[in-house]
Each structure stands twice: as C-alpha cells, then as structure tokens.
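Encoded as structure tokens, the structure appears first; notes follow it.
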Amino acid sequence: MTESKGRERDTVATRRSILDAAENLFATKGYADTAMSQIARQSGVTKSLIHHHFGSKAALWEEVRGRLKSEYLGSQSNTLDNTEELPPAQLLAQAITTYFRFLQCRPHVVRIMSWSLLDPDPAYRWLDHGLNERMAEIAKQAQAQGTVRNDIDPVCLLIITSSMVEHYFESKAEFDELVPPEQRDKLDDVYLQNVLTVLQHGVIAS
C-alpha cells in the first residue's frame, strides 16, 4: 500500500513538473514554436515519458490551458457564490477584482490567451459559457434594482470590463516610462482602483 501511494505521488509530481514546464514554454514561445524536446529538457524527464502521460503536444497544450481555466473558474465561482452576501452591483465589482488578481498572480495566462487566438480550433474559449451566463444574469439583476444603467447591454458590459483587465496586463510595459519608478510597484493596485471607479461612475447608476 505504501509503495502504491509512493508511485501515485511520483506520478502527480511528474505530471505537475511537465505541465509547469509546458506552461512556461507555451507562454514564452507559443504552441507552434515549442518542441517536446524543450519541454522534456526543462521538466527533467524524457520525451517518451511526456507521451506516456499526455499522448501528444496538442493534448499537453489542452491540459495546460485546462489547468489554468479550472483555477480561474474555481476562484471566480467562490466569488459568485456570495450572491446572498453582496448586492449585484458590488458582486460585479468583486468579480472584476477576482479576475484582475488572478491574472496578476498568473502572468502566463494572458500570453497563453493571446497565443490561443492563433489556435486552429475555433471552438476553443478561455472564458466558460456558464460563467458568462451567470455574470450576465447578475448584471441584469443589478439593472432591475436600479444600480446599473438600463441602457448598457449586459453582454457588452462583460466584454468591456474583461477587456479592460486583460489589456492592462498585455500592454502595461508600454507605459512604464510614463510612471515614476517609485510608483511602478503600486501601478497594479492603482489601475484596478481606476477600473472600479470607471465601473462605479460610468456604469453603475448613482
């Protein structure tokens, strides 16, 4: 029994090592320019072992994206489950904060999302359809309560807010020179607060 558990732990650790290496390389080089030999070298295993665990590079690519997506859905679901504790408008603001903090902690995600735009599978979506439906319903509830303007389409609201978050992490390096060096460490928090201010004064009815 102990030997069996040891093998299970080794298998989990090996898969995690492969996924970590693949995530780093896919984010840096993209799917097309990442070779299985590079993943093997960075993870410290053989190519045959990668094929044993994942089958192919395409399957490994899906596993990497699926792992990141599951992490995000888990964190966002925890936020949205507070529907009885927060009014809809505040819940929207909290959901935006959750998305921002997730991308802040996982910098590879935005790069992998960008590479996924070049993915040959048009059916792939980073954001979950069920999650989007929940968010749109919360926006509608806020409109019904008069805390979100009725002239803003709920789906457009989701597109606008998610784009504001994603584009920041894609482009903030372009604006480093505009930010004093002593303030750059605080830029993430300043930007998030500005997004929430735009939401409050540009979307949420006063």
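The values are calculated or read from the model by the stated rules, or taken from the named source; none is laboratory data. Predicted model only: the values in this text are computed from it and were never measured. Reconstructed Cβ throughout: ideal geometry from the backbone, glycine too, with neighbour counts over all protein chains shown.
Side notes on the structure shown:
- Residue count for the range 105-133 satisfying the condition of being farther than 26 Å from residue 33 by Cβ and either touching a His at 6+ places or on another chain (Cβ under 7 Å) or surrounded by 15 or more Cβ atoms within 10 Å (Cβ to Cβ) (or both): 3.
- Selection within the range 135-153 - surrounded by fewer than 17 Cβ atoms within 10 Å (Cβ to Cβ) and not aliphatic (A, V, I, L, M): 137, 140, 145, 146, 149, 150, 151, 153
- The single condition from (1) within 30 Å of residue 19 (Cβ to Cβ); (2) more than 18 Å from the chain's Cα centre (by Cα); (3) among the polar types (S, T, N, Q) that residue 150 fails is (1).
- Qualifying residues in the range 29-57 (those that are under 21 Å from residue 109 (Cα atoms) and exposed (fewer than 14 other Cβ atoms within 10 Å of the Cβ)) - the one farthest from the chain's Cα centre (by Cα): 35
- Selection status of residue 60, under 28 Å from residue 37 (Cα atoms) and buried (at least 18 other Cβ atoms within 10 Å of the Cβ): yes
- Every pair of residues 6+ apart whose Cβ atoms lie under 9 Å, when the first sits in the range 135-159 and is touching a residue at least 40 places away in the same chain (Cβ under 8 Å) while the second is charged (D, E, K, R) and in a helix (DSSP H, G or I): 148/140
- Within the range 52-77, the set of residues being without any contact (Cβ under 8 Å) to a residue 12 or more places away in the chain and not acidic (Asp, Glu) comprises 52, 55, 56, 58, 59, 66, 70, 74.
- Here residue 58 fulfils each of the conditions (1) touching a helix residue (DSSP H, G or I) at 6+ places or on another chain (Cβ under 9 Å); (2) among the hydrophobic types (A, V, I, L, M, F, W, C); (3) at pLDDT below 95 apart from (1).
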